[in-house]
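Undergrad: My questions all concern the structure below.
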Amino acid sequence: MGSGSLPGPVRATPWYVWCAVLAVTSAMVGTHWDISWHRSIGRDTFWTPAHIAIYMCGVLAGISCGFLILSTTLRIASPLRDASVKIWGFRRPLGAFIAAWGGVAMITSAPFDNWWHNAYGLDVKILSPPHVLLIAGMVGVELGALILILGQMNRVTERARAKLEWLFLYVGAMIVVCIMILIFEYTLRVYMHTGFFYRVVAISIPGILAGLARASNRRWAASIVVGIYSVFLIGCLWILPLFPAVPKLGPVYQQVTRLVPPEFPLLLIVPALALDWLWASTPGWNPWLQAFVSGVVFVGLFMAAEWPFASFLMSPASRNWVFGTTYFDFNLPPQSHYVRHQFVSLEKTPVQFWKEMAASLAAATLTIRLGLAWGNWMQRIRR
């Protein structure tokens, strides 16, 4: 990615980067809106505002990156021609190819999802076949946007790099938001006193933070990413209930009059701050040693912060609009642990719990090591 003839330094943020950032934002806003819609109203017409916001991501990515691919391929004098890769006879920046594929996958999933709902009704789980295709396309757009920005970021003037770094970290935060959507069924507050919960988070998050921090080279990169994720989730938590909603499907066990928002964000900011400090202080360490210590820091500090906070979320003190523990899906039975504010016990013995925590540490170590390698690769991207 870093070899060959490349154009001189770029001085401005190009339009297709802004378009990619808008596409990613539209997808994440639309997805949380759609989940809230299903939890509050149930199955509705395909043409809900939330669905339009989601699929607008595919449209924006498909059109902008498709145009970028054709213009780079057909115009000999295109300024991006020397900063592109050739795939299937077409020339384009690598990120444009990935984002365009993601946009096509998202648009393809739309009629598939509509047919699936008409045939089988409301999804029991988030990972239905059309949703898997949709999420794969969404991740493709996000990764494509990330690499598009990297290609620019790694060959711009110092003055222009700062803005691109913020856009890079913003898109990285949207990837964290997307991953948290994928695992949200396993990270509900009722599971926060289980080892399983910490293992799921350790598999999903620290490697992404490590890769983004290493690629950006910014001192507090992981903290910025987690900060953006937290602000985004809190915004959803506080804004969505402002809109009225009435269930359209049965059975209705809970009285719902407003859109049901996502839960309060996980306290990932605590380990993120510590990881940023650690990585800045240990640049010459052996990568596996750095990954192991980082894994201990992540799992230890995340558990130290989230465990007591989970107890608070189960208490009457959290039952307000700030922390949002009074919102329930319309079809949630009154005897469920969630409605009764009770933890679910998945591990039956202390030995089982600590086995899960050991697995969490192993997962964090491995994913952080992979994330550091991914970040090193991203630092070399120029095309």
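The values are calculated or read from the model by the stated rules, or taken from the named source; none is laboratory data. The shown structure was predicted, so the numbers you read here are calculated from the model rather than taken from an experiment. Because the Cβ atoms are built from the backbone with ideal geometry, glycine has one as well, and the counts that use them run over all protein chains shown. Just so you know, the surface numbers come from the protein's heavy atoms only, side chains and all, with ligands and any DNA or RNA stripped out. Shrake-Rupley method; radii C 1.70, N 1.55, O 1.52, S 1.80 Å.
Undergrad: Which of the residues belonging to segment 209-231 are surrounded by fewer than 22 Cβ atoms within 10 Å (Cβ to Cβ) and touching a residue at least 40 places away in the same chain (Cβ under 8 Å)?
TA: Within segment 209-231, ARG214, ASN217, ARG218, ARG219, TRP220, GLY227, ILE228 qualify.
Undergrad: If you don't mind, another one. Mind listing whichever residues of segment 363-383 are open to solvent by less than 70 Å² (accessible area, probe 1.4 Å) and either without any contact (Cβ under 8 Å) to a residue 12 or more places away in the chain or not hydrophobic (A, V, I, L, M, F, W, C) (or both)?
TA: THR365, THR367, ARG369, GLY371, GLY375, ASN376, GLN379, ARG382, ARG383, listed by residue number.
Undergrad: Name the one entry in PHE309, PHE353, PHE328 that is open to solvent by less than 50 Å² (accessible area, probe 1.4 Å), assigned to a loop (DSSP other than H, G, I, E, B) and out of contact with any Lys or Arg (no Cβ under 8 Å at 6 or more places or on another chain).
TA: PHE328
Undergrad: Is it true that some residue in segment 261-281 is in contact with a His (Cβ under 8 Å, 6 or more places away or on another chain), in a loop (DSSP other than H, G, I, E, B) and open to solvent by 10 Å² or more (accessible area, probe 1.4 Å)?
TA: For segment 261-281, residues in contact with a His (Cβ under 8 Å, 6 or more places away or on another chain), in a loop (DSSP other than H, G, I, E, B) and open to solvent by 10 Å² or more (accessible area, probe 1.4 Å): present.
Residues are listed down the side, and each one gets a yes or a no for (1) more than 23 Å from the chain's Cα centre (by Cα); (2) part of a strand (DSSP E or B); (3) among the β-branched types (Val, Ile, Thr); (4) at pLDDT below 80:
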| position | (1), (2), (3), (4) |
| --- | --- |
| VAL24 | no, no, yes, no |
| VAL29 | no, no, yes, no |
| ASP34 | no, no, no, no |
| ARG39 | no, no, no, no |
| ARG43 | yes, no, no, yes |
| CYS57 | no, no, no, no |
| LEU68 | yes, no, no, yes |
| THR73 | yes, no, yes, yes |
| ILE76 | yes, no, yes, yes |
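Undergrad: Could you give me the residue pairs with C-beta distances under 6 Å whose first residue belongs to segment 330-351 and is without any contact (Cβ under 8 Å) to a residue 60 or more places away in the chain and over 17 Å from ARG189 (Cβ atoms), whose second residue is surrounded by 15 or more Cβ atoms within 10 Å (Cβ to Cβ) and among the β-branched types (Val, Ile, Thr) wherever it lies, and which are 6+ apart or on separate chains?
TA: Note: no pairs meet the criteria.
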